[in-house]
Amino acid sequence: QVQLVESGGGLVQAGGSLRLSCAASGRTVSTYAMGWFRQAVGKEREFVATISGSGYNKNYADSVKGRFTISRDNAQNTVYLEMNNLRPEDTAVYYCAVGKAAAPLPARGWYDYWGQGTQVTVSS
């Protein structure tokens with residue numbers, strides 16, 4: 001079993017920045033992809049970003065490319081999401097997840113374990 005705890009969410013004005021963290025425990029996740037997803041009120045959970053086990057390969061949703069950066073520290077069993085130039089449409093609960101293997105795939109079904117989420121609210 002893997003436990004994931006997200007942190008770093010909050011309220012920020014449009015154009016601002018936040019850095020989300022996701023700490024894993026219960027198992028070393030260095031050989032697994034880790035992803036960030038988000039779910040806004042009334043919408044389905046959607047892919048945001050993912051990173052391979054090694055950290056060399058990354059994928060982003062088109063809506064966040066150039067604004068968000070995913071990274072990981074395998075020594076700390078932690079993945080991060082740096083979010084810049086935030087927009088009101090980025091408002092959502094953000095979830096991290098551990099993939100079934102090292103490949104950074106965007107599909108929700110690729111991820112086995114999920115955190116409880118952290119709220120990000122961007123005001124206009």
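The values are calculated or read from the model by the stated rules, or taken from the named source; none is laboratory data. No experiment lies behind these values; they were computed from the predicted model shown. All accessible areas refer to the heavy atoms of the entire protein, side chains included, with ligands and DNA or RNA removed. Shrake-Rupley method; radii C 1.70, N 1.55, O 1.52, S 1.80 Å.
Report, to the nearest whole %, how much of the accessible area of the chain belongs to carbon and sulfur atoms, 1.4 Å probe, protein only. It would help to have the intermediate numbers written out before the result.
Values: 2870 of 6090 Å².
Of the solvent-accessible surface of the chain, carbon and sulfur hold 47 percent.
Can you tell me the accessible area per residue over the chain, all protein chains present, probe 1.4 angstrom, in square angstrom?
Here the residues of the chain average 49 Å² of exposed surface.
Can you pull the Rg over Rh of the chain, Cα-only, Kirkwood?
Rg/Rh: 0.94.
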